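Engineer: Pasting a structure below so you can have a look.
The values are calculated or read from the model by the stated rules, or taken from the named source; none is laboratory data. Just so you know, these numbers come straight off a predicted model, no measurement behind them. Note: ideal-geometry Cβ built from the backbone for every residue, glycine included; neighbour counts use all protein chains shown. Protein only, heavy atoms only, side chains kept; ligands, DNA and RNA dropped before computing areas. Shrake-Rupley method; radii C 1.70, N 1.55, O 1.52, S 1.80 Å.
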Amino acid sequence: MATEFWRNSGYHLLERDAAGWLRVTDDFLRAYYVRPEVHPVEESDDAERALHSSLMREPRRSIGPAEIDSIGDEDARDNYRVVLRFRDKLLGAGTVEGCYLSLFRQPIDVPPLFIDQLAHVIVRNVLDGCEDPLRLRAAELFFREQKATVQEGHALLADLETVEMHASGNRYGSLGRLIVEAQGDLGKVDLDVLDRANAALYWERESRHDTVISLTHGRPALDALCRAMEAWIAHFLRLEVAIRPIRRIDEPRWAWHIGLDAESSAILNELWAGGEVEQGRMQRILGLFELRFADIQAMRRDIAGRSVYLALSADAEGAVRMKPQNLLLNLPIHEA
């Protein structure tokens with residue numbers, strides 16, 4: 001029996017369709033109605049309570065502007081508009097994956113938190129049955145911001161929210177101090193940095209987001225991230241690709257690149273255009289990857305068979321904000 005993980009993603013509230021995508025269910029919609037932004041509080045008026053109660057009974061029912069306008073509290077009205085607009089996108093798409101893709105084909109008008117939540121449950125679906133804790137921890141980059149620390153050649157990633165919560169370093173093996181004061185000797189970090197030898201630790205701590213991975217070249221977490229990215233692309237696009245970590249891009253005029261975050265996109269664009277990127281910014285690059293299509297006929301004809309290069313970087317404050325949608329929207333896929 002496969003190990004259960006990421007129950008807080010909401011995966012258990014959804015159903016798979018014949019294609020393996022997640023069909024939107026009433027219970028999944030109800031999970032948004034019990035969020036604190038829209039759940040009634042002691043001060044809520046009768047109109048707000050009635051609207052909420054009706055949505056819990058009939059999560060898909062159409063809500064007219066007058067019903068929302070009848071709520072006395074302005075913040076509550078705005079919150080309902082946001083949640084219901086997002087609800088309608090889910091219902092219009094029919095599946096979580098379909099909704100996720102649709103969000104990036106037009107100006108984005110939903111909170112980033114909702115986008116991350118969709119990525120969370122989709123990755124849970126993609127990795128269903130996965131028994132590799134390192135792959136699961138690496139895949140958290142798809143939906144949780146990370147804090148990067150580079151010390152003496154070691155690139156360490158910890159959950160950004162956890163680092164901020166425990167910056168004093170007094171819980172879970174001095175996680176906060178690890179990120180601030182890491183000296184590069186991963187062997188001295190007791191159970192906080194996941195590697196093959198202690199990866200099983202993840203199963204009992206995955207919901208605490210208090211483990212660290214090393215993206216240093218040659219470390220297994222870097223390969224685990226590659227496998228997660230391959231599975232993400234295969235799930236959405238039905239394309240088989242192979243991704244491997246590389247130390248540098250040796251092609252002087254490469255054909256295609258994809259930044260996995262805003263900083264990487266900017267750096268790669270400047271380098272491709274022949275510009276000079278100062279060393280401090282170059283050092284923000286945590287990982288470089290080469291992506292190859294299994295079927296070159298699936299690529300754009302003008303670059304068929306060429307490598308696609310990927311990069312993952314931290315920003316000036318050391319935050320890593322991966323945009324997994326870039327792997328879906330920016331691949332050089334044949335127009336057919």
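Engineer: If the Cβ limit is 7 Å and pairs must be 6+ apart or interchain, which residue in segment 1-28 that is without any contact (Cβ under 8 Å) to a residue 60 or more places away in the chain pairs with which residue that is part of a helix (DSSP H, G or I) and hydroxyl-bearing (S, T, Y)?
Structural biologist: Correct list of pairs: empty, since none qualify.
Engineer: Let me ask another. Take the residues in segment 16-46 that are of a type in the set (D, E) and not in a loop (DSSP other than H, G, I, E, B); name whichever of them is most open to solvent (accessible area, probe 1.4 Å).
Structural biologist: Here the answer is D46.
Engineer: Residues in segment 138-154 that are surrounded by fewer than 18 Cβ atoms within 10 Å (Cβ to Cβ) and in a helix (DSSP H, G or I): how many?
Structural biologist: Going through segment 138-154 one residue at a time, the tally reaches 0.
Engineer: Further, regarding this structure: Determine whether R49 is without any contact (Cβ under 8 Å) to a residue 24 or more places away in the chain, over 18 Å from F114 (Cα atoms), open to solvent by 80 Å² or more (accessible area, probe 1.4 Å) and not polar (S, T, N, Q).
Structural biologist: It is true that R49 is without any contact (Cβ under 8 Å) to a residue 24 or more places away in the chain, over 18 Å from F114 (Cα atoms), open to solvent by 80 Å² or more (accessible area, probe 1.4 Å) and not polar (S, T, N, Q).
Engineer: Out of curiosity, is R135 touching a helix residue (DSSP H, G or I) at 6+ places or on another chain (Cβ under 6 Å), farther than 17 Å from V320 by Cα and either assigned to a helix (DSSP H, G or I) or free of Cβ contacts under 8 Å to residues at least 40 places away in the same chain (or both)?
Structural biologist: Yes; evaluated as a whole, the condition is true for this residue.
Engineer: For segment 55-68, what are the residues that are part of a loop (DSSP other than H, G, I, E, B) and either open to solvent by 70 Å² or more (accessible area, probe 1.4 Å) or closer than 18 Å to R30 by Cα (or both)?
Structural biologist: E58, P59, R60, R61, S62, I63
Engineer: Moving on. For I71, which of the numbered conditions (1) in a loop (DSSP other than H, G, I, E, B); (2) exposed (fewer than 13 other Cβ atoms within 10 Å of the Cβ) fails to hold?
Structural biologist: Against the list (1) in a loop (DSSP other than H, G, I, E, B); (2) exposed (fewer than 13 other Cβ atoms within 10 Å of the Cβ), I71 comes up short only on (2).
Engineer: Same structure, new question: (1) buried (at least 16 other Cβ atoms within 10 Å of the Cβ); (2) over 30 Å from R60 (Cα atoms): which one isn't true of Q117, the others all being true?
Structural biologist: (2)
Engineer: Determine if segment 287-299 includes at least one residue that is farther than 24 Å from P112 by Cα and free of Cβ contacts under 8 Å to residues at least 24 places away in the same chain.
Structural biologist: yes
Engineer: Among the residues of segment 155-164, write down those that are within 17 Å of the chain's Cα centre (by Cα) and surrounded by fewer than 19 Cβ atoms within 10 Å (Cβ to Cβ).
Structural biologist: Matches in segment 155-164: E161 only.
Engineer: While we're looking at this one, here's another question. Within segment 1-15, count every residue that is under 20 Å from the mean Cα position of the chain (by Cα), outside any helix (DSSP H, G or I) and of a type outside the set (D, E, K, R).
Structural biologist: Total satisfying the criteria: 4.
Engineer: Going through segment 206-218 one residue at a time, which ones are hydroxyl-bearing (S, T, Y) and either at pLDDT below 50 or part of a loop (DSSP other than H, G, I, E, B) (or both)?
Structural biologist: Within segment 206-218, T211, T216 qualify.
Engineer: Working carefully through the options I249, I233, find the one that is touching a His at 6+ places or on another chain (Cβ under 9 Å), among the aliphatic types (A, V, I, L, M) and in contact (Cβ under 8 Å) with a residue 40 or more places away in the chain.
Structural biologist: Every option except I249 fails the conditions.
Engineer: When the residues of segment 179-205 are filtered to those that are in contact with a helix residue (DSSP H, G or I) (Cβ under 7 Å, 6 or more places away or on another chain), of a type outside the set (A, V, I, L, M, F, W, C) and open to solvent by less than 70 Å² (accessible area, probe 1.4 Å), which remaining residue is modelled with the lowest pLDDT?
Structural biologist: Once the filter is applied, the top-ranked residue is D192.
Engineer: Is it true that R77 is assigned to a loop (DSSP other than H, G, I, E, B) and open to solvent by 10 Å² or more (accessible area, probe 1.4 Å)?
Structural biologist: No; evaluated as a whole, the condition is false for this residue.
Engineer: Right, next: Enumerate the pairs (first residue in segment 89-115 and farther than 21 Å from W232 by Cα; second residue anywhere and open to solvent by less than 70 Å² (accessible area, probe 1.4 Å) and not in a helix (DSSP H, G or I)) with beta-carbon separation below 6 Å, excluding pairs fewer than 6 apart on the same chain, so at least 6 apart or on different chains.
Structural biologist: Within 6 Å, no pair qualifies.
Engineer: Follow-up question, since we're still on this one. Against the condition open to solvent by 80 Å² or more (accessible area, probe 1.4 Å), touching a helix residue (DSSP H, G or I) at 6+ places or on another chain (Cβ under 7 Å) and not small (G, A, S), how does R244 come out, does it pass?
Structural biologist: Yes, satisfied.
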